[in-house]
Amino acid sequence: MDFRDLLNSNWLARTIIVVWIITAILVISMLTNLDHLVNSTLYDFGLQFSNEWANPYWMYLRLSYAFLCVSLGLGFSAIILGFYRSRTMVTETIAIAEKYVNQKRDSQTKTIEKKQTIKGKASRSDETGKIISCPNCSKGFSRPMVMLNFEGGKTRLINVCPYCNHELGKIDENGKSNTEFHVQGEERSEFDHRIERT
């Protein structure tokens, strides 16, 4: 900690205020002893009472007590306000941290819920997709099986029935697509696009 940090520290200000309060208390104690000396001890040595010196003495003594009490009140108020302010700052910092953590948690929860919603929609679309009926074995399925066809020296992907391996959407010798199978359902599936490409 360097000198600049020490000057900006709250503990330095609190230490100065505490020393100020202790000094004021010591001055009040010394003034009380001085008043006791004047009012008791000096009379034993022949001090004669007179309003000419007593009135200014009492006035200055009471003003000294008043100013010292004001200093003590300001010092105690500064310490109490300093502790209250630091406590408020700690509370505000904790509240800001909790708010940040809650926002982070909410955003993560929303992200997870969004992913679950997307997965749920995907699974529902798979469940409510079209049913394809194979023309060879007449069995129904929602997705065809994709295989590699090596016929003709050219490798290509083809869609086949997962039960009997019958090729779906086969192009005959005249170049026409042979789509003998039957598709049920309202939505267009990925299979339809594959058939159109083949």
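Each reported figure results from applying straightforward, stated rules to the coordinates on display, with no laboratory input. Values in this document were obtained by computation on a predicted structure and should not be read as measured data.
Quick one: how many lysine pairs does segment 3-125 have with C-alpha atoms less than 23 Å apart and a gap of 8 or more or different chains? Give me the count, please.
Number of lysine pairs found: 7.
Which translational diffusion coefficient, to the nearest whole µm²/s, is obtained for segment 3-125 from the Stokes-Einstein equation, given a Kirkwood hydrodynamic radius over C-alpha pairs, 20 °C and 1.002 mPa s? Once the numbers are plugged in, D ends up at 103 µm²/s.
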